[in-house]
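Note sheet for the following structure.
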Amino acid sequence: MSDVNRPDSGGSATRVKVCGVTRAADREAVVTAGADAVGVISDVPVDTPREVGADTAADLLAGVPPLVTGVLVTMPSTVEEAVDLVETVDPDAVQVHGGLSPGELGALGHRLSQDVIVAVDAAADDIADYADPADALLVDSVDAAGGGGTGETHDWERTREIVADLDVPVVLAGGLTPDNVAAAVETVRPFGVDVATGVERVEDGDRVGGEKDPETVREFVAAATRREVAA
Ligand SMILES: O=C(O)c1ccccc1NCC(=O)[C@H](O)[C@H](O)COP(=O)(O)O
């Protein structure tokens with residue numbers, strides 16, 4: 001059994017990544033809230049309001065301060081495509097969604113100096129196969145195309161059983177919000193949590209895709225880490 005995915009046993013706080021940042025002001029809000037990582041999505045073959053071009057991704061991630069991890073989130077169809085984008089964007093880490101095989105992900109890891117976070121479908125039967133080439137696994141609720149940002153939770157009890165057997169750090173994702181993240185952490189005991197839609201701005205009852213709400217981001221980080229929200 002792994003220790004890295006049981007934050008309560010070692011007293012360490014759950015790490016928090018806020019994903020799908022598209023604007024410098026939102027990046028600042030995420031950093032100010034105390035998140036450990038900022039995710040910027042680029043070059044994904046799905047329709048999402050959280051995608052930005054490679055140059056914007058590079059600019060946004062260049063503004064992430066020291067001691068916070070800037071993560072490029074992408075869905076490459078080949079190893080070469082991923083390497084090219086990473087060279088352009090220059091992130092601290094890369095998160096890969098989509099169809100690369102464990103062998104291809106291993107090859108990608110050898111080509112990069114950055115850590116590779118591998119996104120896997122929480123409902124899949126072969127999650128453990130991806131642990132070897134991954135520096136961390138992001139266990140997510142994915143859509144039919146393999147993309148994230150669904151805003152949907154999955155079976156946390158099943159994920160807890162998988163996490164308990166893995167030595168690689170696991171990041172729990174999918175439908176997390178300030179209201180449910182503490183229960184998710186308690187149930188799954190992951191190394192970290194990740195959120196995209198659950199901290200977006202709401203206007204007239206509708207979520208504004210791609211725009212974060214600073215107060216909701218603060219509430220999320222506080223709930224995930226059990227810190228007090230500063231007044
Ligand atoms: O957010 C997207 O639109 C997206 C599209 C394609 C690939 C990945 C994407 N998001 C990656 C993330 O890390 C999300 O934070 C994660 O899937 C959780 O999203 P949510 O359920 O909205 O919190």
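Some observations on this one:
- Close amide H contacts of residue 153 (hydrogens built in the peptide plane, cut-off under 5 Å, sequence separation of 5 or more or a different chain): none are found.
- With only the Cα atoms considered, the range 125-217 has a convex hull volume of 115 Å³ per residue.
- Evaluating 6.51 cos²θ - 1.76 cosθ + 1.60 at θ = phi - 60° for every residue in the range 115-132, the Karplus couplings come out as 5, 10, 9, 9, 7, 10, 6, 4, 8, 6, 8, 10, 4, 4, 5, 8, 5, 5 Hz, glycine and proline recorded as x.
- Here r is the Cβ-Cβ distance between residue 110 and residue 167 and R0 is 25 Å; the resulting FRET efficiency, rounded to 0.05, is 0.80.
- Computed over the chain, Kirkwood Rh from alpha-carbon pairs, angstrom: 17.3
- Computed from backbone phi, the HN-Hα couplings of the range 33-49 come to 5, x, 5, 8, 8, 10, x, 10, 9, 8, 6, 10, x, 10, 7, 9, x Hz, rounded to whole numbers (Karplus: 6.51 cos²θ - 1.76 cosθ + 1.60, θ = phi - 60°; Gly and Pro given as x).
- Placing a label point 7 Å from the Cα of residue 87 along the Cα-to-Cβ direction, the residues of the range 23-55 whose backbone N falls under 18 Å of that point are 43, 54-55.
- Relative packing of 107-120, 144-157, 212-225, which averages over residues the other C-beta atoms within 10 Å, highest first: 212-225, 107-120, 144-157
- Annotation: extensible slack from residue 48 through residue 62 equals 2.8 nm (criterion: 0.36 nm per residue apart, minus Cα-Cα distance).
- Gaussian network model of the chain, Cα within-10 Å springs - most flexible of 202, 83, 188: 202
- Over the chain: helical MRE at 222 nm, DSSP H runs n ≥ 4 each giving -39500 (n - 2.57), nearest 500: -9000 deg cm²/dmol
Read-outs: derived from the displayed coordinates by stated rules, not from any lab. Everything numeric here is computed off the predicted structure, so don't read it as measured data. Because the Cβ atoms are built from the backbone with ideal geometry, glycine has one as well, and the counts that use them run over all protein chains shown.
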